[in-house]
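K.L.:
Pasting a structure below so you can have a look.
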Amino acid sequence: MDLSVKTNVKTLNGMIQPGTFRVVAGPCTVESYEQFEASARTVKEAGFGYVRGGAFKPRTSPYSFQGLGVEGLKILSEVSSALGLEVVTEVMDPYDIEVVMEHAKVLQIGSRNMANFSLLRRVGEAIAGTDHGVLLKRGLAATVEEWLLAAEYITSAGADNVVLCERGIRTFEPSTRFTLDLSAVIVAKRLTDLPVVVDPSHAAGRRDLVIPLSKASVAAEADGLIVESHHEPQEALCDAEQALPAGALMGLRESLQPFAAAIGREVI
Ligand code: PEP
Ligand code: MN
């Protein structure tokens, strides 16, 4: 594999910092101002500085809720600036890159778009020289090599603020939504200096596994997590079964800190 991303990139403009383990939390999708505000407030109260929430949603069915689009982006930026949080949100279409950058610090490229090479290139060109970053999810059937080469599309377009995200791969195992591949986290970190975070929520598809998988991610020396949380999980319009309720989110930092301390990191 011909990789140039072994570049000593250790930071992502504050998102990833040496000696820390970053937690990004928030709802799968922005449903309304009230819902996002209440969910983002619990992220803030839990002590985390980055909130997630999708305005453009890649749904398997065209009949499922597709996200609020630009209206959702406005809610994301309004609420997060009032609370002092940074935003991670997905961009699905090259036409939306500019408007997403107006409202979010970190642009997520979702699992289903990992191999959308024109999107990868256009995002790389757009964020080059800015303080924006990209969270690149691993495709649900992508090898580590394919994932790292997808990152190369972004970095070779001039952007080096790329964080890789392992979110589970499709296997024969039906007891979880996907199979969290922690080996891939370790392998990727040996092959590249790009930071690697874990999404235990989409991997598990069920909230009871999210905290144990988060602990395992710290032990695997991931650089952080992106988890789904909701102030009323049972009411969530999207991915309700995997959302952590406020109480679990409040305890997350404390649950992870002993594992982080064992490898000399602080949960932020
Ligand atoms: C998400 O983060 O909401 C999402 C759709 O993730 P993935 O692309 O990993 O399925
Ligand atoms: Mn989701």
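The values are calculated or read from the model by the stated rules, or taken from the named source; none is laboratory data. Only a predicted model underlies this, so the values are computations on that prediction, with no experimental measurement involved. Positions of Cβ are generated from backbone atoms using ideal geometry, with glycine treated the same way; all protein chains shown enter the neighbour counts. Accessible surface is based on the protein model in full, side chains and every heavy atom, while ligands, DNA and RNA are left aside. Shrake-Rupley method; radii C 1.70, N 1.55, O 1.52, S 1.80 Å.
K.L.:
Quick check: is even one residue across segment 163-175 surrounded by 24 or more Cβ atoms within 10 Å (Cβ to Cβ), of a type in the set (A, V, I, L, M), touching a residue at least 12 places away in the same chain (Cβ under 8 Å) and not in a strand (DSSP E or B)?
P.N.:
No: segment 163-175 contains no residue that is surrounded by 24 or more Cβ atoms within 10 Å (Cβ to Cβ), of a type in the set (A, V, I, L, M), touching a residue at least 12 places away in the same chain (Cβ under 8 Å) and not in a strand (DSSP E or B).
K.L.:
Determine which single condition Val227 fails, assuming it passes every other condition in (1) surrounded by fewer than 21 Cβ atoms within 10 Å (Cβ to Cβ); (2) within 16 Å of ligand 1 (Cβ to nearest atom); (3) among the β-branched types (Val, Ile, Thr).
P.N.:
Evaluating Val227 over (1) surrounded by fewer than 21 Cβ atoms within 10 Å (Cβ to Cβ); (2) within 16 Å of ligand 1 (Cβ to nearest atom); (3) among the β-branched types (Val, Ile, Thr) leaves (1) as the failure.
K.L.:
Also, quick follow-up: Within segment 160-174, work out how many residues are touching a Lys or Arg at 6+ places or on another chain (Cβ under 8 Å) and under 15 Å from Asp223 (Cβ atoms).
P.N.:
Selection size over segment 160-174: 4.
K.L.:
Of the conditions (1) in a helix (DSSP H, G or I); (2) open to solvent by 20 Å² or more (accessible area, probe 1.4 Å), Leu249 satisfies every one except a single condition; which number is it?
P.N.:
So the condition that Leu249 fails would be (2).
K.L.:
Now a separate question. Anything in segment 109-128 that is open to solvent by 40 Å² or more (accessible area, probe 1.4 Å) and either over 22 Å from Val197 (Cβ atoms) or not in a loop (DSSP other than H, G, I, E, B) (or both)? List them, or say none. Don't jump to the end; show me each part of the working.
P.N.:
Step one: filter segment 109-128 for residues open to solvent by 40 Å² or more (accessible area, probe 1.4 Å), giving 112, 115-118, 121-122, 125.
Scanning segment 109-128 gives Arg112, Phe117, Ser118, Arg121, Arg122, Glu125.
K.L.:
Hey, another quick one. Tell me whether segment 179-187 contains one or more residues that are touching a Ser or Thr at 6+ places or on another chain (Cβ under 6 Å), of a type in the set (Ser, Thr, Tyr), at pLDDT 95 or above and not in a strand (DSSP E or B).
P.N.:
Here is the first cut: in segment 179-187, the residues touching a Ser or Thr at 6+ places or on another chain (Cβ under 6 Å) are 179.
Retained after the next criterion (residues that are of a type in the set (Ser, Thr, Tyr)): 179.
Then keep just the ones that are at pLDDT 95 or above; that gives 179.
Subset that is not in a strand (DSSP E or B): none.
So far as segment 179-187 goes, no, none of its residues is touching a Ser or Thr at 6+ places or on another chain (Cβ under 6 Å), of a type in the set (Ser, Thr, Tyr), at pLDDT 95 or above and not in a strand (DSSP E or B).
K.L.:
Still on this model: With the requirement that a residue be away from ligand 1 (no atom under 15 Å from the Cβ) and either assigned to a helix (DSSP H, G or I) or not small (Gly, Ala, Ser) (or both), what does segment 16-34 give you? Before the answer, list the steps.
P.N.:
Applying the first criterion (away from ligand 1 (no atom under 15 Å from the Cβ)) to segment 16-34 yields 16-22, 32-34.
Listed by number, the residues that qualify are Ile16, Gln17, Pro18, Thr20, Phe21, Arg22, Tyr33, Glu34.
K.L.:
For the structure I just gave you, tell me whether Asp131 is among the acidic types (Asp, Glu) and open to solvent by less than 40 Å² (accessible area, probe 1.4 Å).
P.N.:
Values: among the acidic types (Asp, Glu): yes; open to solvent by less than 40 Å² (accessible area, probe 1.4 Å): no.
Considered against the rule, which asks whether it is among the acidic types (Asp, Glu) and open to solvent by less than 40 Å² (accessible area, probe 1.4 Å), Asp131 comes out as no.
K.L.:
Here is a follow-up. Tally up the residues in segment 176-201 that are away from ligand 1 (no atom under 16 Å from the Cβ), touching a residue at least 60 places away in the same chain (Cβ under 8 Å) and either open to solvent by 30 Å² or more (accessible area, probe 1.4 Å) or farther than 26 Å from Pro27 by Cα (or both), please.
P.N.:
Residues of segment 176-201 that are away from ligand 1 (no atom under 16 Å from the Cβ), as a first pass: 183, 186-187, 189-195.
Retained after the next criterion (residues that are touching a residue at least 60 places away in the same chain (Cβ under 8 Å)): 191-195.
Narrowing the set further to residues that are either open to solvent by 30 Å² or more (accessible area, probe 1.4 Å) or farther than 26 Å from Pro27 by Cα (or both) leaves 191-193.
Qualifying residue count, segment 176-201: 3.
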